[in-house]
């Protein structure tokens with residue numbers, strides 16, 4: 001828990017020191033983490049090591065440049081979800097964000113699905129856990145803990 005209370009630079013984080021990686025949501029990841037080479041490498045290393053990667057709300061957008069060891073988009077052919085276009089429209093930021101999470105996941109070959117706007121909706125595909133919006137946080141945390149326990 002002490003590690004969680006301390007902010008560290010992404011370039012100093014090693015997947016060998018953790019069991020899973022969790023990216024919280026909010027709009028910020030669309031501008032910084034989605035383009036950050038250390039973030040991309042960190043996610044790739046967790047996935048390659050057979051460790052869970054989990055993303056809430058807008059955070060699935062950080063997967064836009066993440067690749068498999070074969071060089072394919074990580075989300076390609078995988079079931080995913082994330083903040084919907086209609087939820088983005090409802091908050092009035094469709095023309096502000098650098099890209100729409102739903103559109104980006106689909107463009108990268110993800111098998112995108114969604115629940116009703118603002119409802120809890122979690123999608124798990126192997127090691128990859130994504131959820132649609134903040135309402136889904138409790139269900140996703142439970143899913144991640146369940147996967148880590150097994």
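Where a number appears in this text, it was derived from the coordinates with a stated rule and is not lab data. Because the structure is predicted, anything quoted here is derived from the model rather than measured. Using ideal geometry, Cβ is built from the backbone for each residue, glycine included, and neighbour counts are taken over all protein chains shown.
Miscellaneous remarks
- Centre separation in Å (Cα based) which lies between the range 21-36 and the range 100-138: 15 Å
- Bridges between two residues of the range 20-149, per DSSP, are antiparallel at a rate of about 35%.
- Working from label points 7 Å from Cα in the Cα-to-Cβ sense, the residue 142 to residue 36 distance is 3.0 nm.
- Rounded, prolate or oblate (a/c below 1.5 giving rounded, otherwise prolate when a/b exceeds b/c) for the range 98-150 by Cα gyration tensor: oblate
- Average Cα contact separation per residue, the range 20-149, under 8 Å, 6 or more apart, as relative contact order %: 27 percent
- Computed FRET value (nearest 0.05) for residue 16 with residue 91, which takes r as the C-beta separation and R₀ as 30 Å: 0.20
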